[in-house]
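The values are calculated or read from the model by the stated rules, or taken from the named source; none is laboratory data. These numbers come from a predicted model, not from an experiment. Neighbour counts run over all protein chains shown; Cβ positions are idealised from the backbone, glycine included. Calculation scope for accessible area: heavy atoms of the full protein, side chains included, ligands and nucleic acids excluded. Shrake-Rupley method; radii C 1.70, N 1.55, O 1.52, S 1.80 Å.
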Amino acid sequence: MFPDTSVLEKGIIIKSTGSRYRVLHGEGLVTECIIKGIFRTRDLKTTNPVAVGDMVEFEFDERSEGGVITEVLDRRNYILRKSSNLSKQSQIIAANIDCVFLMITIIMPETPVEFIDRFLVTAEAYRIPACIIINKTDLYGKNELGRMEDLIKMYNNIGYRCFPVSLVENTGLDALREDMKNKTSLLSGNSGVGKSSLLNVLNPALNLKTGDISGYHKQGKHITTFPEMHSMPFGGYVIDTPGIRGFGVVDMERNEIYHFFPEIFRISHNCRFYNCLHLDEPGCAVRKAVEKGEINTLRYRSYINILEDENSKYR
């Protein structure tokens, strides 16, 4: 017998395909849902009004033998990125998350530092704790291991925890499991860094499809098509996301970008002018700290590039 259509149910979005949504509710029940025709999006200019991690209300629909989402409940938080095809709009990656894990690789493929920083800046802007997973350590020679250690030192000094792991050698995973335990975590990164492979190791029952690295471009192929939330045997959930090649920041004023670089923000209080952008202003404590090596030049370069991107919007 089909459930009572007059009763509103509450659940959590565990998969989004853009037009249909899987909602987890009750005692482990899953219902395929669509969005009600007239839907309130709370003035967010996004390509997706509903995201994985959203708590929603829905009602059962006898005709479709599924459900109709009638309301998205208040979000504790969410994280956005620029839409790849609509420059003036953005995409909600996930909602109601406890931590974001950015998975990177030193080679096969190489994750650019600026990509890492753009992701971390976005996490800072939405006040979501962020960590970095460095995968494929079994492939690294002396040079790659040196670069990895430099990155770990740089990000640890700022306050970001790093987890070097090898899925082949099964190293570094216990610490990662402990950090993810009983949390709702978001897993993101470039295509080919091993996100689906990691999830298969963390929960072998998933048996997610994985792909090879392109031999010519040394880049990953998109395997995960839609965001999806997976339960973990050690407690909690991990939201898997499609691989992304670029990460555009959103909702930031040009004069507040430095707030989301913790080491720049800390030193900025010593600048001569309160509205210093840390470019060529006299008495800039940030530029002096860069010259003295107290702020890493790679991070400062990322800040400048993001600032230039935001500045171009007003030209």
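TYR126 passes every criterion in (1) within 23 Å of ASP54 (Cβ to Cβ); (2) surrounded by fewer than 20 Cβ atoms within 10 Å (Cβ to Cβ); (3) in contact with a Lys or Arg (Cβ under 9 Å, 6 or more places away or on another chain) apart from (3). Pairs meeting the criteria (first residue in the stretch 95-106 and over 18 Å from ASN182 (Cα atoms) and at pLDDT 95 or above, second residue part of a strand (DSSP E or B) and open to solvent by 10 Å² or more (accessible area, probe 1.4 Å), beta carbons under 7 Å, at least 6 apart or on different chains) are LEU102/ALA130. Close Cβ contacts (under 8 Å, 6 or more residues apart or on different chains) running from residues in the stretch 15-26 that are at positive phi and free of Cβ contacts under 8 Å to residues at least 60 places away in the same chain to residues that are in a strand (DSSP E or B) and open to solvent by 40 Å² or more (accessible area, probe 1.4 Å) comprise GLY26/GLU9. Close contacts from the stretch 184-208, counting a first residue that is over 16 Å from ASP174 (Cα atoms) and a second that is part of a strand (DSSP E or B) and open to solvent by 40 Å² or more (accessible area, probe 1.4 Å), with Cβ to Cβ under 6 Å and a gap of 6+ residues or different chains, come to THR184/TYR237; GLY192/ILE213. Selection of the stretch 125-157 for residues being of a type in the set (Gly, Ala, Ser) and in contact with a Gly (Cβ under 9 Å, 6 or more places away or on another chain) yields an empty set.
The sole residue among LEU145, LEU139, LEU187 that is farther than 22 Å from ILE304 by Cα and open to solvent by less than 20 Å² (accessible area, probe 1.4 Å) is LEU187. GLY236 passes every criterion in (1) modelled with pLDDT under 85; (2) farther than 30 Å from ILE304 by Cα apart from (1). Scanning the stretch 150-184 for residues that are of a type outside the set (Val, Ile, Thr), open to solvent by 50 Å² or more (accessible area, probe 1.4 Å) and assigned to a strand (DSSP E or B) yields ARG161, PRO164, LYS183. Residue check: is CYS131 farther than 26 Å from THR46 by Cα and assigned to a strand (DSSP E or B)? Judged against the criteria, CYS131 is not a match. Scanning the stretch 197-225 for residues that are surrounded by 15 or more Cβ atoms within 10 Å (Cβ to Cβ) and either at pLDDT below 90 or assigned to a loop (DSSP other than H, G, I, E, B) (or both) gives ASN203, LEU206, LEU208, THR210, GLY211, ILE213, GLN219, GLY220, ILE223, THR224.
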